[in-house]
Amino acid sequence: MSDNERDRQTVATDRSNEARPVRILYTAEATVEGGRKGHGRTSDGRLEVNLSVPTELDGDGGPGTNPEQLFAVGYGACFHNALLTIARGRQLDMADSTITARVGFGPTGVGGFGLTGALDLHAPHLTRAEADDLMRRGHERCPYSRATRGNIDVTLTVDGTPVEQRGEPS
């Protein structure tokens, strides 16, 4: 059995309480050389990037992208798609909506580095209550949110204002 076949058949996780795929429909594959100062490309050739270390991380701030930017784009796209799907089912108008995703990188204070995430919704045709509810639902549904849950802190906001959690006063 090839590695690719094994990847499609095996889903290993220690999150017994999380929903997990029963069948892998798609696997992205990328090869990187040179780490944060290197080069990466996907096996299908659709994405090829030079990588640079930001000056904030004592890098040269070169013209390449970095892992946090790539993660922010992927998380933002996946999360926005989850919101669009939920909104369509609830007949909410998501025209002109955007998600701004931020991924922070820094020392954990106990050795090593960690990430933070922030997702900000701009949806001019929704009420604040609709937007908050949609963000909470999207955070439950999005595979990236599921993958980060319990691993990194993710802040949800609507136009820069924190999403009201269920049970909080209005």
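Subtracting the Cα-Cα distance from 0.36 nm times the residue separation, let me have the gained length for residue 50 to residue 96 in nm, one decimal. Length gained between residue 50 and residue 96: 13.4 nm. Sorting 163, 32 from the fewest to the most surrounding beta carbons within 10 angstrom yields 32, 163. Taking a point 7 Å out from the Cα of residue 77 in the direction of its Cβ, the residues of the stretch 117-151 whose backbone N falls within less than 17 Å of it are 142-145. Compactness of the chain was expressed as the Cα radius of gyration divided by 2.2 N^0.38 Å, which yields 1.18.
For residue 26 and residue 146, compute 0.36 nm times the residue count separating them, minus their Cα-Cα distance, and round to one decimal in nm. Could you put the intermediate results ahead of the total?
On the way: separation 120, 0.36 × 120 = 43.20 nm, distance 1.72 nm.
Full extension from residue 26 to residue 146 adds 41.5 nm.
Each of 135, 94 has some number of other Cβ atoms within 10 Å of its Cβ, and from fewest to most they run 94, 135.
Is there a quick way to get the dipole size of the chain? I mean about its Cα centre, with the Cβ of Lys and Arg at +1 and of Asp and Glu at -1; what is the value in debye to the nearest 20?
Numbers: 19 positive and 24 negative charges, 113 e Å.
Here the chain has a charge dipole of around 540 debye.
Ranked by the mean number of other Cβ atoms within 10 Å of their residues, highest first, the peptides 140-146, 111-117, 151-157 fall in the order 140-146, 151-157, 111-117.
Tell me what the chain gives for mean residue ellipticity at 222 nm when only DSSP H runs of n ≥ 4 count, each as -39,500 (n - 2.57), the sum divided by the residue total, rounded to 500 deg cm²/dmol.
Details: 4 runs with 50 residues, N = 170.
Helix contribution divided over all residues of the chain: -9000 deg cm²/dmol.
Values in this text are rule-based calculations from the coordinates and carry no lab data. Just so you know, these numbers come straight off a predicted model, no measurement behind them. Counting neighbours? That spans all protein chains shown, and the Cβs are built from the backbone with ideal geometry, glycine included.
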